[in-house]
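Structure record follows, encoded as structure tokens.
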Amino acid sequence: MDADYGARYRELFQRHWWWRARERVILDALCAHQPAAGWRDVLDVGCGDGLFFDELARLPGVRSVEGVEPAADLVSPDGPHRGRIHVAPFDASFEPGRRYSLIVMLDVLEHLPDPAASLRHALSLLEPDGVFLATVPAFMSLWTRHDDLNHHYTRYDKASFARLAAEAGLRLDDVRYFFHWTAVGKLATRLKEALVPGEPASPALPPAPLNRALYAASRLEQRLLGEVPVPFGSSLLAVGGRRRAATDDSLNGSSTAAR
């Protein structure tokens, strides 16, 4: 992430309409996929300063929330959640000695040179019946200077994310686009950038009335179209879990056949 962007991330996360609306989409999805017994231990991969910890802690049944963040400059030494954030690379060397009922990677996979390895490692830390949730930017056709600013490697669509999931062993239970209306804006921005040279710039907080209006528009879209399989959007959400081993499937198939 760009250094200036990183320095302003807390304010953007807490006040910008896009982050506020994305949070509601994520929490709605977690509510829809909540296990019968509720959640237990939660890991936020790429958690930054733990800005999502408080909302995760409010989920039913949660007893602990912790995170891992490879970029030390995104973690405040005196932050309220510092004691629960592992500042370390998220690879095979990260072994916390426990498993989690929920692991989230919120706009993280697009930053990684080997997303399959990181996703595979996340699943190794997931309980057998645990839930994994990720959000990623959608469609390479919506690539703008904002992606350059964020040091993205790619943007995903359903097909490319399904290939990543298959490679890593992720079972997909729910994959859908959101922020449908912003896709049009992204296309317009891409066209403008093709015509007008310039450098990437950190996003700014809109004036309060506009910020509220854009948040309201995003929430209205989600309420109206949340269950509709709209084939486009500027973001993608995926929910799933560990895929059963082939041997388990074959044993289940054999027992079913025997019955």
* To do: Considering each of Arg82, Arg63 in turn, give the residue that is of a type in the set (D, E, K, R) and surrounded by 13 or more Cβ atoms within 10 Å (Cβ to Cβ).
  => Arg82
* To do: Could you check, for region 17-24, whether at least one of its residues is more than 25 Å from Ala116 (Cα to Cα) and over 16 Å from the mean Cα position of the chain (by Cα)?
  => yes
* Asked: Are there any pairs, at least 6 apart or on different chains, whose C-beta atoms fall under 8 Å, with the first in region 132-161 and touching a residue at least 60 places away in the same chain (Cβ under 8 Å) and the second among the polar types (S, T, N, Q) and in a loop (DSSP other than H, G, I, E, B), and if so, which?
  -> Pro137/Ser234; Ala138/Ser234; Phe139/Ser234; Leu142/Ser234; Leu149/Ser202
* To do: Scan region 1-48 residue by residue and report those that are assigned to a loop (DSSP other than H, G, I, E, B) and buried (at least 20 other Cβ atoms within 10 Å of the Cβ).
  => His16, Trp39, Gly46, Cys47, Gly48
* Residues of region 49-60 being surrounded by fewer than 15 Cβ atoms within 10 Å (Cβ to Cβ) and part of a loop (DSSP other than H, G, I, E, B), which ones? -> Arg58, Pro60
* Matching option when the condition is surrounded by fewer than 16 Cβ atoms within 10 Å (Cβ to Cβ), assigned to a helix (DSSP H, G or I) and either of a type outside the set (Gly, Ala, Ser) or modelled with pLDDT of 95 or more (or both), among Ala194, Ala166 -> Ala166
* **Residue, nearest to the chain's Cα centre (by Cα), within region 129-143, restricted to residues that are surrounded by fewer than 18 Cβ atoms within 10 Å (Cβ to Cβ) and either assigned to a loop (DSSP other than H, G, I, E, B) or at pLDDT below 95 (or both)** => Trp143
* Filter region 214-227 down to residues that are loosely packed, with under 14 Cβ neighbours inside 10 Å and touching a residue at least 60 places away in the same chain (Cβ under 8 Å), then give me how many there are. => 0
* Residue check, His121 against (1) under 15 Å from the mean Cα position of the chain (by Cα); (2) assigned to a helix (DSSP H, G or I); (3) under 18 Å from His86 (Cβ atoms), all met but one. Which one? -> (1)
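The values are calculated or read from the model by the stated rules, or taken from the named source; none is laboratory data. Remember, predicted model here, so these are calculated numbers, not experimental data. Don't worry about glycine lacking a Cβ; one is built from the backbone with ideal geometry, like all the others, and counts go over all protein chains shown.
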